[in-house]
Each structure stands twice: as structure tokens, then as C-alpha cells.
1. Before I look further, what does the range 56-160 give for accessible area per residue, probe 1.4 Å, in whole square angstrom?
2. Under 8 Å for C-alpha pairs, at least 6 residues apart: give me the relative contact order for the chain, rounded to a whole percent.
3. Here is the link list: 58/118; 15/86; 58/86; 15/58. Which ones come out longer than 31 Å on Cα distance?
4. So, R0 is 35 Å and r is the distance between the beta-carbons of residue 78 and residue 2; what FRET efficiency does that work out to, to 0.05?
5. What FRET efficiency would be calculated for the residue pair residue 86, residue 146, taking the C-beta separation as r and a Förster radius of 35 Å, to the nearest 0.05?
6. Working from the alpha-carbon coordinates of the chain, get Rg over Rh, Rh being the Kirkwood radius.
7. Rg and Dmax of the range 87-160 over Cα atoms: what are they, in angstrom?
8. Let a ≥ b ≥ c be the square roots of the eigenvalues of the Cα gyration tensor of the range 29-76; is it rounded (a/c under 1.5), or, if not, prolate (a/b larger than b/c) or oblate?
Amino acid sequence: MAVDAHFHLDQLMVKTGFTGIHDMGTSDFYKIKLSLLIANYCNPTRFPTSSERSEIRKDHRIRLSFGNHPRIVNSNSTTTLDMFFKNVSFILASSKTVSVGECGLDTTDRPNSQNFQKQITYFEKQLSLAVQTNLPVVIHSRRDNNLNLSTLTSMVNNLP
Ligand SMILES: [Zn+2]
């Protein structure tokens with residue numbers, strides 16, 4: 001038995017054209033079975049609708065995670081980001097949701113300092129939301145050790 005704690009069902013469905021998780025012959029080949037999978041939804045423009053979530057939950061192995069990925073911050077206004085954040089806070093209440101995220105910091109797009117500040121703001125809002133809802137967070141931290149230090153600083157300042 002194996003657990004996949006972090007995968008992207010929305011991207012997988014686009015790539016394969018499937019409507020859910022299918023056994024692609026891997027369980028026979030690797031002699032393992034997936035017992036639990038956590039589908040991370042981190043692009044709020046592609047969150048599954050309520051009927052899509054019901055469809056996804058028919059596979060009893062799947063759990064859900066919802067958040068705003070740091071790379072969506074650079075290209076969106078604060079008005080849009082506030083709306084995205086609101087969407088996350090609502091959708092977390094849907095059943096079988098086990099975490100907030102992925103969220104975090106990512107400077108591989110080389111954002112200017114204003115956009116980096118915006119990333120920190122929306123990351124910390126999601127950390128507070130995780131505390132309020134008593135859910136764990138899925139962290140995305142990508143670039144270098146300085147960036148990881150910023151990620152840890154936000155976590156230390158906002159999480160118990
Ligand atoms: Zn991911």
C-alpha cells in the first residue's frame with residue numbers, strides 16, 4: 001500500500017482525458033496499491049464545482065486540499081486575490097477536505113518587491129485561515145535558502 005500525499009487531479013485529468021483516477025496498470029507493474037491520495041487544488045480559477053467534487057468523492061481514496069498557489073499572485077490584482085482567498089475559505093468546508101494549500105512563496109518568476117510582498121500577504125492570510133479551521137497546511141517554497149527562510153518566518157509568525 002502507498003499514499004500519495006500531493007498530486008494534482010485537475011492537471012492529471014487534462015493530461016490523460018480521464019474523468020478520475022484510473023488504474024493505469026501500475027499496481028500490477030509495481031505491485032503496490034494506492035490507499036489514499038490528496039488532490040491539491042491551488043488554482044482558484046480551476047476549482048472543481050460542487051457536482052465535480054461529488055464525482056471526485058466517489059473514489060473513496062481521494063481527499064481534497066484547497067489553496068492559492070504563490071505563482072498566481074504576480075499576475076492578479078488585490079481585488080481578484082481577495083476574491084480567490086474568499087473562494088478558498090468557503091470551499092474548505094466541503095467534505096473530505098483535509099488541508100489548506102498548496103500555498104507559500106515562489107520567486108522563480110522573479111517577481112518585483114511589491115509582488116513578493118503580495119505573495120507574503122496572501123500566504124499569511126492562508127496560514128491564519130488554516131489556524132482558524134484547524135487544518136494542516138501544504139507548503140510550496142521554491143527558489144533558494146533565502147526564500148525558504150522567508151517561508152519559515154511567515155510560518156513561525158502565524159502558526160502555533
Ligand atoms: Zn503541487
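1. In whole numbers, the range 56-160 has 52 Å² accessible per residue.
2. Value for the chain: 20 percent.
3. Checking Cα-Cα distances, 58/118 exceed 31 Å.
4. FRET efficiency, residue 78 to residue 2: 0.30.
5. For R0 = 35 Å, the calculated efficiency reads 0.70.
6. Computed over Cα atoms, the ratio is 0.99.
7. Rg, Dmax (Cα atoms, Å): 12.6, 38.
8. Oblate.
The values are calculated or read from the model by the stated rules, or taken from the named source; none is laboratory data. Just so you know, these numbers come straight off a predicted model, no measurement behind them. Note that each Cβ is placed from the backbone with ideal geometry, even for glycine, and that neighbours are counted across all protein chains shown. Note: areas computed on protein heavy atoms with side chains; ligands, DNA, RNA excluded. Shrake-Rupley method; radii C 1.70, N 1.55, O 1.52, S 1.80 Å.
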